[in-house]
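The structure under discussion appears below in the form of structure tokens.
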Amino acid sequence: MTVRERRVRTRSLPPLGGDAPGLLLAALGVAAALAVHQAVPAVPKLTAAVALGIAAAHLPGVRPVVRGVARPGLSTAGRRLMRLGIVLLGLKLSLDDVLGLGWATVAMVLAVVAATFAGTWWLGRRLGLPGDQPLLVATGYSICGASAIGAVSQAAGSEEEDVAASVALVTLCGTLAIAVLPLLQQPLGLGEAEFGRWVGASVHDVGQVVATAQTGGPGALREAVLVKLMRVVLLAPLVAGVAVAARRARRGTPDGTPDGTAAAGRRPPIVPLFVAGFLAMIALRTTGLLPDRALTLAGDAQELLLAAALFGLGSAVHLPTMVRTGGRIALLGLGSWVMVAGVSYAGVLITT
């Protein structure tokens, strides 16, 4: 090959830009999270992914890459891969399983979600947290942690910084629950099934629920997962409600955006496409047509997608900014944690 041919070929190659560097870094983050989970099984993969994303954003050698060439791809991972993961999350749910809990338990879950969401949102507003942080933290605590935050942030058009701070807080508190709640089973007089329902109603992320409930035995784990998935079902109506509220907020501005800017003029749909996909996957799982192997592969893919998305969100966390509101957001996290644990414990006692 002549020098001229090499030059022409070099010019014809596309530059390494766009989303590629960030998506590659997210894939490396997922691999590292899997390695952490293998080494320390008590640490869920998704928790490790968030922590590694935060670390990557602050390590001197990696920070320039995270904030520079990798930023577009990491943002894409936090948005689009999150949506795909949420769609596949629907395959973990079956309407038959939810209805099998009984109406008393279903009513308890509805009450816990409503009380936690309303109480956390109110407290966050009173503490003066910026942007959509009160809404996002309330969503994470009441529904399913980082997955719910990602879904609601898509419908509300939230700032990436608000999403990252909320994910970090909810992930931290959910991880602490893995260590704290099993210590309270005996003092609170909870049997295996009751402990599982309490964990399922009060812990945020599905992986954290499994890690916490398995300490109480197989019966506790089964009850915890069923109650937790009942909470996940409520993700769809919550996202639809946020989308409706966002549409109404945009109507009152000159160009159809909440703050009067011209950037985001497109109104969000009442039911976002990924939520429709989530509901479709629930319906598909309910039919019983999918073999166990397909469900297992879908579950693995869902975890990998969410891990990549959470690594991307974690990389957007700016600790100095969080420190400036650290006292207020920590107080919100503690207050919401006590609230969801107390309300769900009362609900378990009432329905037992």
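The figures follow:
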read-out: From LEU129, LEU181, LEU123, LEU169, residue being buried (at least 18 other Cβ atoms within 10 Å of the Cβ), in contact with a Lys or Arg (Cβ under 9 Å, 6 or more places away or on another chain), farther than 19 Å from VAL239 by Cβ and not hydroxyl-bearing (Ser, Thr, Tyr); value: LEU129
read-out: Residue in segment 85-94 that is open to solvent by less than 50 Å² (accessible area, probe 1.4 Å), in contact with a Ser or Thr (Cβ under 7 Å, 6 or more places away or on another chain), part of a helix (DSSP H, G or I) and of a type in the set (A, V, I, L, M) present; value: yes
read-out: Selection status of THR325, among the polar types (S, T, N, Q), at pLDDT below 80 and surrounded by 16 or more Cβ atoms within 10 Å (Cβ to Cβ); value: yes
read-out: Meets criteria (within 16 Å of VAL317 (Cβ to Cβ), in a loop (DSSP other than H, G, I, E, B), at pLDDT 85 or above and not β-branched (Val, Ile, Thr)) for LEU74; value: no
read-out: Top-ranked residue in segment 305-322 [being out of contact with any Gly (no Cβ under 6 Å at 6 or more places or on another chain) and crowded, with 20+ Cβ neighbours inside 10 Å; ranked as modelled with the lowest pLDDT]; value: VAL317
read-out: Segment 199-229, residues that are open to solvent by less than 10 Å² (accessible area, probe 1.4 Å) and in a helix (DSSP H, G or I); value: VAL199, GLY200, ALA201, SER202, GLN208, VAL209, THR212, ALA213, ALA220, ALA224, VAL227, LYS228
read-out: Single residue of segment 278-304 satisfying the filter (more than 15 Å from LEU93 (Cβ to Cβ) and under 18 Å from the mean Cα position of the chain (by Cα)) that is surrounded by the most Cβ atoms within 10 Å (Cβ to Cβ); value: GLU303
read-out: Cβ pairs under 9 Å, 6+ apart, first in segment 155-166 and at positive phi and open to solvent by 20 Å² or more (accessible area, probe 1.4 Å), second of a type in the set (Val, Ile, Thr) and in a loop (DSSP other than H, G, I, E, B); value: GLY157/THR257
read-out: Tally, over segment 1-47, of residues that are at pLDDT below 85, assigned to a helix (DSSP H, G or I) and aliphatic (A, V, I, L, M); value: 3
read-out: Where a residue in segment 168-196 is farther than 25 Å from LEU46 by Cα and its partner, wherever it lies, is of a type in the set (Phe, Trp, Tyr) and open to solvent by 20 Å² or more (accessible area, probe 1.4 Å), with Cβ under 9 Å and at least six apart; value: LEU188/TYR345; LEU190/TYR345
read-out: Residues (over 15 Å from VAL209 (Cβ atoms) and in a helix (DSSP H, G or I)) located in segment 182-191; value: LEU183, LEU184
read-out: Members of segment 19-35 found to be open to solvent by less than 50 Å² (accessible area, probe 1.4 Å) and without any contact (Cβ under 8 Å) to a residue 24 or more places away in the chain, listed by number; value: ALA32
read-out: So ARG247, is it basic (Lys, Arg) and at pLDDT 85 or above; value: no
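The values are calculated or read from the model by the stated rules, or taken from the named source; none is laboratory data. Since this is a predicted model, take the numbers as computed values, not measurements. All Cβ positions, glycine included, derive from the backbone under ideal geometry; neighbour counts span all protein chains shown. The accessibility values were calculated without ligands, DNA or RNA, using every heavy atom of the protein model including side chains. Shrake-Rupley method; radii C 1.70, N 1.55, O 1.52, S 1.80 Å.
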